[in-house]
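K.L.:
Just passing along the structure, written as structure tokens.
The values are calculated or read from the model by the stated rules, or taken from the named source; none is laboratory data. Not measured: the values here are computed from a predicted model. No Cβ is skipped: glycine too gets one built from the backbone with ideal geometry, and neighbour counts run over all protein chains shown. Note: accessible area is taken over every heavy atom of the protein model, side chains too, but ligands, DNA and RNA are not part of it. Shrake-Rupley method; radii C 1.70, N 1.55, O 1.52, S 1.80 Å.
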Amino acid sequence: MKLRNRAPAEGINAGEEHPLREFAWLAGGAIAVLVAAVVALSLGAQWLAPKLPYRYEARLVGELPAPAAPKDERGRAALAELQALADRLAARMALPEGLRVTVGLRDEGIVNAYATLGGHTVFFRGLVARLDSEDALATVMAHEIAHLALRHPAAALGRGLAVGLVLSVVSAEAGRGVAGAALGQTASLTLLSFNREQEREADRQALRVVAAEYGHVGGAIDLFEAFESMRRARGEGGAPQVEWLQTHPLTERRAQAARDWAAAHGVPADGARRPLPPALAALRGGAAVQR
Amino acid sequence: MGALLEIGLFVTLLALGYGVGRVLERRHYASIRRRERELADVLAFTMRFPPASTRAQDAFLVCGSVVVSSDYFKTFVAGLRGLVGGRFRGYESLLERARREALLRLKQDALARGARLVVCVRFESTSITSGRTPSIEVVAYGTALVPRPR
């Protein structure tokens, strides 16, 4: 027997395939499947939410505390004015049976408002203090009520639960590693696009209601322009915004969309603004609401 | 901008892992092939006993061990591969390099101590994954034989 070693065989134990080819197949496939799953689940949730009788949602949130109510007299007066505005605008919208819009006012400087399960809408003092007219405030209010009318909070809940379930399975399979994190990022970006679509829809409904209430949509344009100038004042004016990373459509586009909507529906884009009711106007001078 | 930064960082790490990993792998293969030619006359076999023709005067244990680590790119692709299964070529070449390197080190050990023949060569590997990027140790060991002078 002659003993000899030959050189190790090449290309048998380790493949010659280009690594990027494998990467492209795997990453492309995983992203495509995940985006398709998130889109399907989101569409499903969006389709199902308005069909779900509101009383189930009410039962679900029945245990939750009502939005924070201000404790002092001025705050309570401001809240009452907000609630009156909400009731007036809600009367112009097709709300699900049994849903009553309840407004909350929080004494925080954040410029924001949101709508959530159970017909609750919460305004932050920081937002009210930045608005010049009732028209602008009514645009925000109508936008939030539109979310409620369209059952967006319920759709978001169902979507969040379903997508979370899928992601928990996927990321468990993809290990604690970066692949799981990257897929999670893909899913949340896909969700954001649904979010933006909902915001556009709420904007459209708000424009309709504001036009019916005030006879023009000047307040809505004021509002979106105020958002845009706030963004610029924060020093973000220089950096271009990337829309697909945002929860809302770009503010400059929202103002333009309002003008386009007005032109398309023959509604004036400008007109006399109604002043804010007294207690809400008082919030503007930095007068804080005691919670 | 936070999300954009996160995506940018991720893509950078992925590209870095791929680019650097690819260059290092190519260099390592070149070095392995060169040393395999240099050590071609040190023979290594898996049989348990020396061939009958061998008249050894000395025998001792020789061993070569190597630790290799995956890179960001390979680990990412491995995570995706874990979803669907199948042959993962990124780790195949990583482990092939580790085995060949371990065998080379074993031969180097044998040669340094005057042996030209190693029998009963065995391979073992231990995963030492602690962080996100897995590493593995591959050990080759065997019995080196020094021939009796004629």
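K.L.:
With the solvent-accessible surface defined on protein heavy atoms using a 1.4 Å probe, which residues belonging to the stretch B:111-150 display a reduction of at least 30 Å² in accessible area in the multichain context relative to the isolated chain?
P.N.:
Hits at the 30 Å² cut-off: B:132.
K.L.:
With label points built 7 Å along Cα→Cβ from the Cα atoms of residue B:16 and residue A:168, find their separation and express it in nm.
P.N.:
That separation, rounded to one decimal, is 3.4 nm.
K.L.:
How many partner chain Cβ atoms sit within 10 Å of a residue's Cβ in peptide A:5-12, on average, as a whole number?
P.N.:
Values: counts 10, 1, 4, 7, 0, 3, 0, 1.
For peptide A:5-12, the averaged partner shielding equals 3.
K.L.:
On the full set of protein chains, 1.4 Å probe, figure out the accessible area of residue A:31 and give it in Å² to the nearest 10.
P.N.:
For residue A:31, the solvent-accessible surface is approximately 70 Å².
K.L.:
Show which aspartates and glutamates lie in cross-link reach of residue A:51 when reach means a straight Cα distance below 16 angstrom and same-chain residues fewer than eight apart are skipped.
P.N.:
Correct list for residue A:51: A:97.
K.L.:
A further question follows. To the nearest 10 Å², what's residue A:93's accessible area with a 1.4 Å probe?
P.N.:
20
K.L.:
Give, as a single signed number, the net charge of other residues whose beta carbon lies under 15 Å from the beta carbon of residue A:38, with Lys and Arg counted +1 and Asp and Glu -1.
P.N.:
Working: positive: A:159, A:196; negative: A:197.
My count for the surroundings of residue A:38 gives +1.
K.L.:
Carbon and sulfur: what percent of the stretch A:1-145's accessible surface (1.4 Å probe)? Kindly include the intermediate steps, with their values, before the conclusion.
P.N.:
Numbers: 4550 of 7700 Å².
Taking all protein chains in place, the stretch A:1-145 shows 59 percent carbon and sulfur surface.
K.L.:
Can you give the local net charge around residue A:47? Use residues other than it whose beta-carbon is closer than 13 angstrom to its beta-carbon, Lys and Arg +1, Asp and Glu -1. Don't skip to the answer; put the middle values down first.
P.N.:
Details: positive: A:51, A:151, A:159; negative: none.
Taking every Cβ under 13 Å from that of residue A:47, the sum is +3.
K.L.:
Quick one: length gained pulling residue A:21 to residue A:47 fully straight, 0.36 nm per residue minus the C-alpha distance?
P.N.:
Working it through step by step, the gained length comes to 5.5 nm.
K.L.:
Let me ask you something else. Can you give me the accessible area per residue for chain B, using a 1.4 Å probe, in Å²? Present the calculation step by step, with values, prior to reporting the outcome.
P.N.:
Values: 8370 Å² over 150 residues.
Accessible area per residue: 56 Å².
K.L.:
Shifting gears a bit: Before rounding to the nearest 500, sum -39500 (n - 2.57) across all DSSP H runs of length at least 4 in chain A and divide by the residue total; then give [θ] at 222 nm in deg cm²/dmol.
P.N.:
Value at 222 nm, helices only, nearest 500: -19500 deg cm²/dmol.
K.L.:
Can you sort B:72, A:214, A:56 by 1.4 Å-probe accessible area, starting with the largest?
P.N.:
Numbers: B:72 55, A:214 30, A:56 105 Å².
Descending order: A:56, B:72, A:214.
K.L.:
Also: What angle do you read, to the nearest 10 degrees and between 0 and 90, between the alpha-carbon axis of helix A:73-90 and the longest principal axis of chain A?
P.N.:
Between helix and principal axis, roughly 80 degrees.
K.L.:
Taking the simple approach of a point 7 Å from Cα along Cα-to-Cβ for both residue B:55 and residue A:2, what is their distance in nm?
P.N.:
Distance between the two pseudo-spin positions: 2.3 nm.
K.L.:
Chain A: longest stretch without exposed GluC sites (Glu not before Pro) (DSSP loop, at most 14 other Cβ within 10 Å), sites themselves excluded?
P.N.:
Numbers: sites that count: A:10, A:16, A:17, A:63, A:97.
Within chain A, the longest run free of exposed GluC sites (Glu not before Pro) spans A:98-291.
K.L.:
Could you put B:118, A:39 in order of accessible surface area, largest first, with the 1.4 Å probe and the full protein assembly present? Display every interim value, and only then the final one.
P.N.:
Working: B:118 0, A:39 45 Å².
Order by accessible area, largest first: A:39, B:118.
K.L.:
Tell me: how much accessible area in total is hidden between A and B, 1.4 Å probe, Å², nearest 100?
P.N.:
Details: alone 15980 and 9830 Å², together 22720 Å².
Buried area (both sides, nearest 100 Å²): 3100 Å².
K.L.:
Sticking with this structure for a sec: Give me the percent of DSSP beta bridges within the stretch A:1-128 that run antiparallel, rounded to the nearest 5. The partial results should precede the final answer.
P.N.:
Details: 4 of 9 bridges.
Looking only at bridges with both residues in the stretch A:1-128, the antiparallel portion is about 45 percent.
K.L.:
Span-like helices, chain B: DSSP H, alpha-carbon axial extent 24 Å or more, mean Kyte-Doolittle 0.0 or greater, which ones?
P.N.:
Details: long enough: B:2-38 (53 Å, 0.04); B:89-112 (34 Å, -0.68).
TM-like helix candidates: B:2-38.
K.L.:
In peptide A:265-273, what is the residue-averaged number of other protein chain Cβ atoms found within 10 Å of each Cβ? Write down the numbers at each step before the final one.
P.N.:
On the way: counts 0, 0, 0, 0, 0, 0, 0, 0, 0.
Across the residues of A:265-273, the mean count of other-chain Cβ atoms within 10 Å is 0.
K.L.:
Find the accessible area per residue for chain A; the probe is 1.4 Å, ligands and nucleic acids are left out, and the unit is Å².
P.N.:
Working: 14350 Å² over 291 residues.
Dividing the accessible area of chain A by its residue count gives 49 Å².
K.L.:
Under 13 Å from the Cβ of residue A:86, count the other residues' Cβ atoms, weight Lys and Arg +1, Asp and Glu -1, and hand me the total. Write out the running numbers ahead of the final one.
P.N.:
Working: positive: A:88, A:92, A:100; negative: A:81, A:87, A:134, A:144, A:213.
Neighbourhood net charge equals -2.
K.L.:
Please work out how much accessible surface residue A:227 shows to a 1.4 Å probe, ignoring ligands, DNA and RNA, in Å² rounded to 10.
P.N.:
Counting only protein heavy atoms, residue A:227 exposes about 50 Å² to solvent.
K.L.:
Using helices alone, what [θ] at 222 nm do you get for chain B, with -39,500 (n - 2.57) per DSSP H run of 4 or more residues, divided over all residues and rounded to the nearest 500?
P.N.:
On the way: 3 runs with 74 residues, N = 150.
So the calculated ellipticity at 222 nm is -17500 deg cm²/dmol.
K.L.:
As a test of the definition: which semi-axes, in Å, follow for the stretch A:17-166 when you take the square root of five times each eigenvalue of its alpha carbon gyration tensor? Largest first, please. Walk me through the numbers before you get to the answer.
P.N.:
Details: eigenvalues 293, 74, 38 Å².
One finds semi-axes of 38, 19, 14 Å for the stretch A:17-166.
K.L.:
I'd like the carbon and sulfur percentage of the solvent accessible area for the stretch B:47-109, probe radius 1.4 Å, heavy atoms only, ligands and nucleic acids excluded.
P.N.:
Working: 1590 of 2970 Å².
Reported share for carbon and sulfur atoms: 54 percent.
K.L.:
Inside 10 Å of the C-beta atoms of A:19-26, what's the mean count of C-beta atoms belonging to other chains?
P.N.:
Details: counts 10, 4, 1, 8, 9, 0, 3, 11.
The per-residue average across the peptide is 6.
K.L.:
Now for a separate question. What residues have an amide H closer than 5 Å to that of residue A:102, excluding those fewer than 5 places away on the same chain, when H is modeled at 1.01 Å from N in the peptide plane?
P.N.:
A:120, A:121
K.L.:
Quick one: length gained pulling residue B:108 to residue B:31 fully straight, 0.36 nm per residue minus the C-alpha distance?
P.N.:
Taking 0.36 nm per residue and subtracting the Cα distance, the gain is 26.3 nm.
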